[in-house]
1. Restricting to the stretch A:124-152, and then to whatever is open to solvent by less than 70 Å² (accessible area, probe 1.4 Å) and assigned to a helix (DSSP H, G or I), can you tell me which residue is nearest to residue A:57 (Cα to Cα)?
2. Residues B:116, B:61: which one is at pLDDT 95 or above and touching a His at 6+ places or on another chain (Cβ under 6 Å)?
3. Restricting attention to the stretch A:88-98, report how many residues are touching a residue at least 40 places away in the same chain (Cβ under 8 Å) and open to solvent by 30 Å² or more (accessible area, probe 1.4 Å).
4. Are any residues in the stretch B:99-113 more than 16 Å from residue A:76 (Cα to Cα) and open to solvent by 10 Å² or more (accessible area, probe 1.4 Å), and if so, which ones?
5. Of all residues in the stretch B:51-81, count the ones that are away from every other protein chain (no Cβ under 11 Å) and over 27 Å from residue A:170 (Cα atoms).
6. Which one of the conditions (1) in contact with a Pro (Cβ under 8 Å, 6 or more places away or on another chain); (2) part of a strand (DSSP E or B); (3) open to solvent by 20 Å² or more (accessible area, probe 1.4 Å); (4) of a type in the set (Gly, Ala, Ser) does residue A:75 fail to meet, given that it meets all the rest?
7. Identify the residue in the stretch B:153-179 that is more than 14 Å from chain A (Cβ to nearest Cβ) and open to solvent by 90 Å² or more (accessible area, probe 1.4 Å) and, among all such residues, is nearest to residue B:61 (Cα to Cα).
8. Of these, B:84, B:116, which one is among the basic types (Lys, Arg), at negative phi, within 11 Å of chain A (Cβ to nearest Cβ) and surrounded by 16 or more Cβ atoms within 10 Å (Cβ to Cβ)?
There are 2 protein chains.
Amino acid sequence: MKFCSTCGQPVVQRVPPGDNRERFVCEGCGTIHYQNPKIVTGCLPIYEDRVLLCKRAIQPRSGLWTLPAGFLEIGETTVEGAIRETREEACAEVSVHGLYTVFNLPHISQIYMFFRADLVDASFSAGLESAEVRLFDESQIPWDELAFPVIRDTLKHYFSDRSTGDFPVRVGDIRFKDR
Amino acid sequence: MKFCSTCGQPVVQRVPPGDNRERFVCEGCGTIHYQNPKIVTGCLPIYEDRVLLCKRAIQPRSGLWTLPAGFLEIGETTVEGAIRETREEACAEVSVHGLYTVFNLPHISQIYMFFRADLVDASFSAGLESAEVRLFDESQIPWDELAFPVIRDTLKHYFSDRSTGDFPVRVGDIRFKDR
């Protein structure tokens, strides 16, 4: 951030009165521009015991497999965002069971949330950001070709919890240095 | 948003190629400025079966009671933010059990997350944004003087779940028109 989005003057970085960390501050109009982490929301879509994965057609991690997910939009609930992303990336409709995993990625200021969901039917296809969409048995999961650690951890939790039939919300931190 | 934070030129609102909703776009340097919901993170701090609440000293809802919470900062995990806010608003140290409630507030594009926590000792006091900090028995909770619906719902869940000793993650939507 170099310029004030309210008045167009250059901004400076300093600690505002009463605050304890540096912000981008406009010395022209006085606006303090806070920056905050973003939420990525998505689904773990299941159909007859198989998991739907999308092969990414865009960077980063183009060509690797992921669960349908993306940035939460203004005015959306996290479930609504997860359903929308599944529609956009996999052209699939889902029925959501509930929140399943929450991952903090503090090094990139992102919070991931995945919802367990059932595909309403076997209809799906590659959306604009996907090269291919496919259902995978547990034995077929391409563990070495998954796009992100959050995908691997969500799938690991799922296959482990599936043996008990109990799916509590799983919370974890994923830091760049760990992987 | 009126000006590009990258180059200072005026922005326009339009749907970028390949997108499906309006964004603030700079026709000078081409930057697309995405806007996203924010996370508010906080604690439900318990000490000897009593809940710690803070009387707000700032707007909005000055004079009403709240749980310590605030906007998640860049580079933080949600637990780290909840601990920091508890320190800032109640001068209290907590030991966190885990994520407890998640509320979507789509009308203001906020996602609230509260963590169950124990105060490590009976030491607490009003931070800069609080007029008073106090422990409340269930029978003493000022239900008509709570600052936000998320506070009421989190406390209701807590007292209900406490009778069973089981505290699953509770997820809900709170929309302005509902209250």
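1. A:151
2. The unique qualifying residue is B:116.
3. 4
4. Of everything in the stretch B:99-113, just one residue is more than 16 Å from residue A:76 (Cα to Cα) and open to solvent by 10 Å² or more (accessible area, probe 1.4 Å), namely B:99.
5. 12
6. The number of the failed condition is (2).
7. Residue satisfying both the conditions and the ranking: B:179.
8. B:84
The values are calculated or read from the model by the stated rules, or taken from the named source; none is laboratory data. This is a predicted model, so every value here is computed, not measured. Backbone-built Cβ (ideal geometry, glycine too); neighbour counts: all protein chains shown. Protein only, heavy atoms only, side chains kept; ligands, DNA and RNA dropped before computing areas. Shrake-Rupley method; radii C 1.70, N 1.55, O 1.52, S 1.80 Å.
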